[in-house]
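The values are calculated or read from the model by the stated rules, or taken from the named source; none is laboratory data. Since the structure is predicted, the reported quantities are computational estimates derived from the model, not experimental observations. Using ideal geometry, Cβ is built from the backbone for each residue, glycine included, and neighbour counts are taken over all protein chains shown. Each accessible area value is taken on the protein alone, full model and side chains, heavy atoms only, with ligands, DNA and RNA left out. Shrake-Rupley method; radii C 1.70, N 1.55, O 1.52, S 1.80 Å.
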Amino acid sequence: MNVVLLSNGGPLADAIRAQFASRGREILDSVHVADASDGALRDALVIDARWISPLQGGGIASPPAFYETLLHACARQSALYLLITDGGVFDGANLDDEGAAENTIPAASSEWGRQLIALEEQVLASNAQTLILRTGTLVAASGDHFLADCVRWFRQSDAVSLRNTRRACPTPVTDLARVVSGMVDQLSCGALCRGVYHYNSSGSSTAFEFAEVSLAYASQFVAVASEISADDDQGEDWQPWIAPLSCDRILRHFGIKQLPWRAYLPKLIKSLCEEEVV
């Protein structure tokens, strides 16, 4: 089964390519919809990561007509279609401490969340064989995201206050790439898993709690000049903030377990600190 990655570049796409390379598996970077009519998607598995670019907070979205054409081609050529979105579809929902499950009705307060809901509905209503993987707030060893913001704040002399109320589950792109690779392995072997799945790394945290842990690691690599403090109502917060997701279904159907984000943090921070020096 050919695997096709549709992306706008960035750390997540790089992590997916690296994960596949480490497994000795080929991945095609892109395919034009115009080529899809010529059989380019025949029995393929399409991973669509364009709505998380370069990580999150407003990817370069294609118009609905583009997806109509692509999904029609996938249906006609028996291709599987895996769309990666995030829990922004719940940014207007009142959730309990267990987070949003796959069958939780999406409720968005932001325009971005509403766009995600509309896209997911279009994907699920198509005749193609489709899966949706929603994830949490992504962090990486490079690029522009909340962890990179933290490292930059630590090197400044000004004090920084961070919100200490809303909880999220930061998810390293390398962990998400591991999950995508595991799903693809099983789908390529004929697993009949379809519909909506959730994955974020284990361990929820407020922005302040995450910054505290990050500061402890960053102090090993850079001279920390800033002081951080907790603020219950204001201060710097997750960008974007995504509520924790319940990840039971991906465990039951694919046997994929959550890994803690803390295990990835030292390597990520080391890379970000080195990037700052350069």
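Return the residue satisfying two criteria in turn: it lies in the stretch 107-116 and is crowded, with 18+ Cβ neighbours inside 10 Å and without any contact (Cβ under 8 Å) to a residue 40 or more places away in the chain, and of such residues it is farthest from Tyr67 (Cα to Cα). For the stretch 107-116, the residue satisfying everything is Ala108.
Criterion applied to Asp175, Asp149, Asp144 was being closer than 20 Å to Asp248 by Cβ, touching a residue at least 12 places away in the same chain (Cβ under 8 Å) and under 20 Å from the mean Cα position of the chain (by Cα), and the one residue passing it is Asp175.
Being more than 19 Å from Ala141 (Cβ to Cβ), loosely packed, with under 15 Cβ neighbours inside 10 Å and under 19 Å from the mean Cα position of the chain (by Cα) is a property that does not hold for Asp237.
Residues that are surrounded by fewer than 18 Cβ atoms within 10 Å (Cβ to Cβ) and in contact with a strand residue (DSSP E or B) (Cβ under 6 Å, 6 or more places away or on another chain) do not occur anywhere in the stretch 74-91. Residues that are free of Cβ contacts under 8 Å to residues at least 60 places away in the same chain and within 16 Å of Pro240 (Cβ to Cβ) within the stretch 83-106 comprise Thr85, Val89, Gly92, Pro106, listed in sequence order. Restricting attention to the stretch 123-144, the residues being over 29 Å from Leu41 (Cβ atoms) and open to solvent by 10 Å² or more (accessible area, probe 1.4 Å) number 4. Within the stretch 174-195, being of a type outside the set (D, E, K, R) and open to solvent by 10 Å² or more (accessible area, probe 1.4 Å) holds for Thr174, Gly182, Gln186, Ser188, Cys189, Gly190, Ala191, Leu192, Cys193, Gly195. Figure legend. Inter-residue proximity from the stretch 257-275: first residues in a helix (DSSP H, G or I), second residues among the polar types (S, T, N, Q), beta-carbon distance below 7 Å, spacing 6+ or different chains. Indicated pairs: Trp261/Thr171; Trp261/Ser201; Leu265/Ser214; Ile269/Ser214; Ser271/Ser142; Glu275/Ser142.
Entry remark, the stretch 145-173: residues being open to solvent by 50 Å² or more (accessible area, probe 1.4 Å) and farther than 18 Å from Ser219 by Cβ number 4 in total. Among the residues here, Arg249 does not qualify as of a type in the set (Lys, Arg), surrounded by 14 or more Cβ atoms within 10 Å (Cβ to Cβ), in contact with a Gly (Cβ under 7 Å, 6 or more places away or on another chain) and part of a helix (DSSP H, G or I).
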